[in-house]
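Student: Encoded as structure tokens, here's the structure I'll be asking about.
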Amino acid sequence: MSVESLTPDRRPLIRIGELSRRTGVGVDTLRAWERRYGLLRPQRSPGGFRLFDASDEERVTAMKALIDSGVSAAEAARLAATEAHAERQPSEEATDHAERLALALDRFDEADANAILDDAIARFTVEAVARRVLLPVLHEIGTRWESGEISVAEEHFATALLRGRMLALGRNWGAGRGPLAVLACPPGELHDLGLIAFGLVLRERGWRIALLGSDTPIGTIADAVAKLGPDAVVLAAVTPEPFEAVADEIRSLAGGTPVLIGGEGAGAKLATRLGATALEPDAVTAAAGMPGS
């Protein structure tokens, strides 16, 4: 049998051949992933055999899925290792990061805010950082700004810092072989942070991203569609008005390319009128619901 031993919690340890059989990844490839990326962490049996446990199998399976979706091997190895680590972290840790980040932004403390984000990114998956750190802080900033609790200066400082960090996380997110999504806000919509968070999570699920950003004319989006031939166009707005103002143009765009609308301004009835598909308001849930994710 290939099972050599048991871990303290009674889970079997297996040889590399059995790991290959279970994951569908060749032995030579597994050895290369261990050597180049440190993905595998074998133990030794009394007889000197290298043995692997369930966590090794989980990381290999995750890395294979990421590569199959178009992510590079190096990035897939990093994500697979980070995801396995993040799953063991209590949600309270991420909540603590969000609370400390909000306080640092209140103080205009760029260094502390960046340090908190660095630590969160090192500890959790990008999806967890978006869901439990970035989006809650962005929501709080928006709510406090609307109520007059924070000044325009505080709001601009916080959103500029967070936008820069989110775009840095998305570096080269157009590379790979996965499906391509063009992301944009319709004319008049200036808030694109939720859209960027959506793009980060969508990238983790194997998509390539072309971000056009805020206040984008529909003609510009149509030009990008003609040049890129994307699998989907995602438009986001925090109120329905930006969608309504260019309803005819969106319907025309949706005639040739799947269009999805998201953000607090989107809804099923509006999407139907536009010939589009409505996404969930929450950026992470919306990305998880994208076809092919």
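Student: In the chain, once you exclude exposed GluC sites (Glu not before Pro) (DSSP loop, at most 13 other Cβ within 10 angstrom), what's the longest stretch remaining?
Tutor: Details: sites that count: E87, E149.
The longest uninterrupted stretch comes out as 150-293.
Student: Then there's this: Grab the beta carbon distance between R107 and R21, set R0 = 45 Å, and tell me the FRET efficiency rounded to 0.05.
Tutor: Numbers: r = 55 Å, r/R0 = 1.22.
The formula returns an efficiency of 0.25 here.
Student: Can you pull a Stokes-Einstein diffusion coefficient for the stretch 180-288 at 10 °C (1.306 mPa s), Rh from Kirkwood over Cα pairs, as a whole number of µm²/s? Write out the running numbers ahead of the final one.
Tutor: Details: Rh = 13.2 Å.
It comes out at roughly 121 µm²/s.
Student: Assuming 0.36 nm per residue, please report the length gained on full extension of the stretch S151 to A65 beyond their Cα-Cα distance. Write down the numbers at each step before the final one.
Tutor: Values: separation 86, 0.36 × 86 = 30.96 nm, distance 4.49 nm.
Taking 0.36 nm per residue and subtracting the Cα distance, the gain is 26.5 nm.
Student: Further question: In nm, to one decimal, how far is the modelled label at N172 from the one at D248, with both set 7 Å along Cα→Cβ?
Tutor: Roughly 4.5 nm, to one decimal.
Student: Right, next: Quick check: pseudo-label points 7 Å beyond the Cα along Cα→Cβ at A73 and N114, how many nm apart are they?
Tutor: 3.3
Rule-based calculations on the coordinates, nothing more; no lab input. As the structure is a computational prediction, the values presented were derived from the model and not from experiment. No Cβ is skipped: glycine too gets one built from the backbone with ideal geometry, and neighbour counts run over all protein chains shown.
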